[in-house]
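Below: the structure, in structure tokens.
The values are calculated or read from the model by the stated rules, or taken from the named source; none is laboratory data. This structure is a prediction, so every number in the text was calculated from the model and none was measured. No Cβ is skipped: glycine too gets one built from the backbone with ideal geometry, and neighbour counts run over all protein chains shown.
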Amino acid sequence: MKSEENICKETVYTEVFNTYAKDLKRFLFFKFQDATSAEDVLQESFIKLWNNCKKVEFKKVKSYLYTIANNAFLDIKKHEKVVRLHQEQNVSNAKSVSPEFIMLEEEFMEKIQRVIASLPEKQREVFLMSRIEKKKYKEIAETLDISVKAVEKRMKNALIIVREQLGDI
């Protein structure tokens with residue numbers, strides 16, 4: 001390869017890829033100890049190279065690729081650390097929940113189940129599909145072979161009953 005080559009040319013870019021991809025993947029695998037993560041970051045690195053091909057000097061392409069890959073590795077590890085700390089914090093918070101709160105929560109869940117069970121069948125069916133299965137009104141209408149307006153009316157009536165029996169929470 002010549003040092004004045006333009007990386008934006010597809011043939012030059014392909015040559016750069018063929019020259020550095022294998023070693024860069026090994027470098028990333030060594031860091032991640034995971035082939036999938038190494039492959040993902042490898043691809044991201046070459047995409048960034050392509051997107052910035054006009055800015056990268058040909059003689060600095062290897063350094064650019066390794067810097068991009070290493071920075072991506074560090075970003076991923078920082079993110080994993082934040083997620084892990086957040087999870088640990090949630091676990092410690094869950095341990096500090098009072099037994100009274102747990103009892104109130106269980107009672108409330110039982111009350112919700114009783115209210116839902118007391119709904120007329122057609123309203124209960126629409127309510128569960130909307131709130132539990134997270135279906136849109138159009139999907140519910142198609143599933144039940146009714147109009148969207150009918151779904152809206154059943155949902156409205158179900159919500160009125162739920163609010164009356166549970167109160168404004």
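Within segment 106-143, being among the aliphatic types (A, V, I, L, M), within 26 Å of the chain's Cα centre (by Cα) and surrounded by 11 or more Cβ atoms within 10 Å (Cβ to Cβ) holds for LEU128, MET129, ILE140.
With respect to ILE112, is the statement that it is under 30 Å from THR14 (Cβ atoms) and in contact (Cβ under 8 Å) with a residue 12 or more places away in the chain true? So ILE112 does not fit the description; no.
The one condition from (1) touching a residue at least 24 places away in the same chain (Cβ under 8 Å); (2) part of a helix (DSSP H, G or I) that PHE29 does not meet is (1). Among the helices (runs of 4 or more DSSP H) confined to segment 61-139, there are none with at least 3 residues that are modelled with pLDDT under 90 and among the hydroxyl-bearing types (Ser, Thr, Tyr).
Could you list all residues from segment 54-72 that are over 14 Å from TYR20 (Cβ atoms) and surrounded by fewer than 18 Cβ atoms within 10 Å (Cβ to Cβ)?
Here is the first cut: in segment 54-72, the residues over 14 Å from TYR20 (Cβ atoms) are 54-55, 57, 71-72.
Within segment 54-72, LYS54, LYS55, GLU57, ASN71 meet the criteria.
As a summary of the residue check, GLU5 satisfies the conditions (1) touching a residue at least 12 places away in the same chain (Cβ under 8 Å); (2) within 32 Å of the chain's Cα centre (by Cα); (3) over 30 Å from PHE127 (Cβ atoms) except for the one numbered (2).
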